[in-house]
Every structure is written in structure tokens, then in C-alpha cells.
Amino acid sequence: MYAGDSAVIRNEELECFLLGFGLEIPDNGLGRPTAITPLWLAAQKQCGDCDKDELLDALYNLNPNDAELSKCVGLGTVFQLVSFEERRHTPRWHDFFTVGDFRIKVLPPGRVRFQKLSAEMKVDDDRKFARLAIDEARKSVPENDGRPHPWVGAVVVKDGRVLGTAHRGEVPGNHAEFVALERNLPDVTVAGATVYTTLEPCTTRTPPKIPCVDRLIERKVARVVIGILDPDDRIRGKGQRKLSNAGIETALFPHDLAMEVEELNREFTRFCEKQSLTSQTHPANSFAPARGLKPLVVPLRYGPSPPSVGKHTMGHHGLIVANHGEPAYDVSVSTPKIQIGTSELRFEGSRPVFTKADGDAFFIGTIELAPHYGTLGSGLFEEMRKFKVDEIIVKLIYKDAENRWYETIGKIERDVSVSGGLSVRYVRQENLAT
């Protein structure tokens, strides 16, 4: 029984459906006509399995301030429009809906309510289907070629229902989007669908294979929700940009789920970052003289947890420092503590030494959040966002074999367009003796 404005409709999904159904076709001021059977079939198509009793409950509990339910009743030779409110408290109220036609007229407050519910449903759906894509990604079968490969899952959804799922390697050597669209759904109309994929779709494949981005565009999907952008700096963002240029809406997984995808792909991410770093530190790309030092600060998303916080299931973020040229010695972070609002960013490291021309050192990074520590990635991103800090400066000092001291300046920037929300870039190098 309806209990007033504070009543909670048991199934808000059906409430949203009923309001949307009433708004879908112009009603000429009387409301959209329907009957219980076609309404039930439409509800099943949009909301999944539901029985007629559930639909009757939703109709009964629909707030009369949001929608008017009425029907034409014959009184002799005259037809009169009767409101459901006149029958609500009678023992056979359900006859109002199960016998003959009735009308649903959505009122102005109902339009507002529909918009609110639709937005909430979209967020809830994104979480639900993103989770399904992550679960699918865990089934990935990597190629046996001795190098890390991503764990990728894809879910195709249309009108709130899952059309198909797939994971990388489900068909050996093929990407998840290909398996989902071309193998599992070759004859299904996916135009207008939303595809949830844990990794940014690829833009290049070895012929005759077709890039996943091109397949998505060709099948005319409406929206693609991405877990993480490609961790390779050389191609990151290109897939998302190509989808957007084709008129396909793109979005990212909720931050906590994106971090879970990062964790799942930590080995692949490390591999891509090293590939990117190799490109950056090649002599032809060096800012410093050919035999000079050029330590670079690049993001390393996962590493050992510091002893002070013990084992952390998500691993720990930090900074990896690598140089091209002569060995570097006594490398340390000269800004070990950085204040961000009420939190403090700390780097832990004990003057590691480079003994090879191409070496690296790792500095654990933590962001102090009372009453616990967070990873550099998730904690720092949230603190920078909360206190509206766009960038912070990190300085490293080191010396060469002739005891000449240098300083490298790097910048950590908040950038929601990249995987994890943070990017780190080299700014400049200075000789401290000059």
C-alpha cells in the first residue's frame, strides 16, 4: 500500500521503467495507453526477468505525485476517465490493471524523478558490468612467448542486458573485443550497445587482423567504457581518441575498479613502462650530452611495500629512476616529504647506487592518510583532487664518477586522461657545481 512521499518502491528499476514508458510516446495530455501484458513484455525486455506480480507492485507503489494512472470506464452509454486513486484501497485494486487498458501520464515531478533514477541506474550499471568485465579478464589465456601480456575482459550490453562476454585468448591469439563481437555475436545487432573492456582497445594489428577500435566503430556501438588506458606511453589514449572522433561516447571505470585492473595487469604495465623507458633513454632521445647523466623519473605503479606498513594486497607505488650514460652514485630524493593539504607525501630510499650505464633505483612512495597509509597512486590522486593540487615537483640529486653533483627535476601531474590518474614527466637537469 502506498505510504506517501517517503515510501520506498521495492524495485526502483521497475519504477524507472514505468516512468520512462510513460514518457516514451506523446500522450496528448491523457497519458500513454497500454495493457498489463504488453507492459509486462516491455518490462522483461528492459529490466530482465520479472513476473506480473512484481510489475503490479511497482504500479501500485508509483507515487501519484509523479504519475497519474487512469482508465476509461463505461457507464451506460457514457465513458468516464477514472483515476487509480479511486480504486487504490479496494480489495480488487489489481483489476484496474489486469482488466482492459489503462493509461500512464507522467507529471512534471515524475520527469525529474525519472532523470534522477536514470542517472543512478547508469552509474550502478557501469559498476555492475565493469565488475563483470574484470571477472572475465581473470580468465585470460596468455600467449606462450616468454613476455607479459594483458589480462583483458569485454562485456557487450544493450538495453541493460548482457549480449555476450569474452576474454583475451579465449580464441588463441585473439583479443577480447574480437572474440566478443565477431566470434560470439557475429549475427547479433550490436548497434547502440555499450562495450565494457578492461583495457583501452588497440589501434594497430598485424594484417590481416583488424584493430579492435575499428571493429567497434564498424559495428556501430554507442559507448565504450574502459578500465585503464594502454600503459605504453607511446600509444596511450589513441584508442579512446579514435572512438571519440567516430562519435562513440567513452568513459572510464570507477576509480577503485580501475585500480583493480591496474593490479591485475601489474606485470604487463611494468613491461610497457620499461619499453617506453628504453625509448626515452636511447642516446638519440637524451637531453644531456652523449656521455652525460640523465636520470629520469618515471611512474612505477607496483613495488614492495615499506616495512612501516607491512604487506599491502595492492602492492605499492613509487618512483623508478633510470639513467643513460655514465654510472650515477648516491642517488637520493632531495624532496623526501611534500605537504599536500593535510596529508604528507613521503619517499623512502637509502642512497642507491647505479653500477651500470643503464640502471635503475626504486623509491617507495606513500601518502599519509590518517589513520592509515595509501598507495602512491590511489592516495595521491585522491589527495591532489581533494585539495585541487594539479602538480607537485620532485627533485633527485646524484653525482658522477668525478664527484660532480647534479639535480634532476621531475613533475607529478594529476591527469584523469591517463591510466591511474597520474603522470610523471622529466622537466630538466642542472649541474649543481655551476
### Query
Could we say that GLU136 is open to solvent by less than 70 Å² (accessible area, probe 1.4 Å), of a type outside the set (Gly, Ala, Ser) and touching a residue at least 40 places away in the same chain (Cβ under 8 Å) here?
yes
### Query
What do you reckon, is VAL171 of a type in the set (Val, Ile, Thr), assigned to a loop (DSSP other than H, G, I, E, B) and closer than 25 Å to GLU263 by Cα?
yes
### Every pair of residues 6+ apart whose Cβ atoms lie under 7 Å, when the first sits in the stretch 248-266 and is within 15 Å of PHE381 (Cα to Cα) while the second is in a loop (DSSP other than H, G, I, E, B) and of a type outside the set (Lys, Arg)
MET259/MET314
### Query
For the stretch 24-41, which residues satisfy the criterion of being in contact with a strand residue (DSSP E or B) (Cβ under 8 Å, 6 or more places away or on another chain), surrounded by fewer than 18 Cβ atoms within 10 Å (Cβ to Cβ) and not in a loop (DSSP other than H, G, I, E, B)?
GLU24, PRO33
### Query
Does the stretch 374-389 contain any residue that is within 22 Å of SER332 (Cα to Cα), modelled with pLDDT of 70 or more, in contact with a helix residue (DSSP H, G or I) (Cβ under 8 Å, 6 or more places away or on another chain) and surrounded by 17 or more Cβ atoms within 10 Å (Cβ to Cβ)?
no
#### Entry: Residue check for GLU54: in a helix (DSSP H, G or I), acidic (Asp, Glu) and within 12 Å of LEU18 (Cβ to Cβ)
yes
### Summary
Matching residues in the stretch 247-267 (part of a strand (DSSP E or B) and aliphatic (A, V, I, L, M)) number 2
### Query
Checking ALA166 against (1) touching a residue at least 40 places away in the same chain (Cβ under 8 Å); (2) surrounded by 15 or more Cβ atoms within 10 Å (Cβ to Cβ); (3) at negative phi, which single condition isn't satisfied?
(1)
### Message
Looking only at the stretch 127-168, count every residue that is part of a helix (DSSP H, G or I) and either more than 18 Å from PRO231 (Cα to Cα) or among the acidic types (Asp, Glu) (or both) and tell me the total.
### Response
9
### Task
State the number of residues belonging to the stretch 72-106 that are in contact with a strand residue (DSSP E or B) (Cβ under 6 Å, 6 or more places away or on another chain) and outside any helix (DSSP H, G or I).
13
### Task
Go through the stretch 98-149 residue by residue and tally those that are of a type in the set (Asp, Glu) and within 30 Å of GLY74 (Cα to Cα).
1
### Summary
Considering the stretch 139-155, residues that are open to solvent by 80 Å² or more (accessible area, probe 1.4 Å) and touching a residue at least 40 places away in the same chain (Cβ under 8 Å), and then whichever is nearest to GLU12 (Cα to Cα), we arrive at TRP151
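To keep it simple, each residue is scored yes or no on (1) touching a Phe, Trp or Tyr at 6+ places or on another chain (Cβ under 9 Å); (2) at pLDDT 70 or above; (3) closer than 26 Å to HIS149 by Cβ.
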site	(1), (2), (3)
ASP230	no, yes, yes
GLU260	yes, yes, yes
ARG270	yes, yes, yes
SER308	yes, no, no
### Task
Name every residue in the stretch 171-219 that is surrounded by fewer than 22 Cβ atoms within 10 Å (Cβ to Cβ) and under 11 Å from ALA154 (Cα atoms), in order of residue number.
VAL179
### Query
Could you say whether any residue in the stretch 408-425 is modelled with pLDDT of 70 or more and over 24 Å from GLY237 (Cα atoms)?
yes
### Message
Given the criterion assigned to a strand (DSSP E or B), in contact with a helix residue (DSSP H, G or I) (Cβ under 7 Å, 6 or more places away or on another chain) and at pLDDT 75 or above, identify the matching residue among LEU69, LEU14.
### Response
LEU69
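The values are calculated or read from the model by the stated rules, or taken from the named source; none is laboratory data. Only a predicted model underlies this, so the values are computations on that prediction, with no experimental measurement involved. A quick note on method: Cβ atoms are made from the backbone with ideal geometry, for glycine too, and the neighbour counts reach across all protein chains shown. We work out accessible area using only protein heavy atoms, side chains counted, and drop any ligands, DNA or RNA first. Shrake-Rupley method; radii C 1.70, N 1.55, O 1.52, S 1.80 Å.
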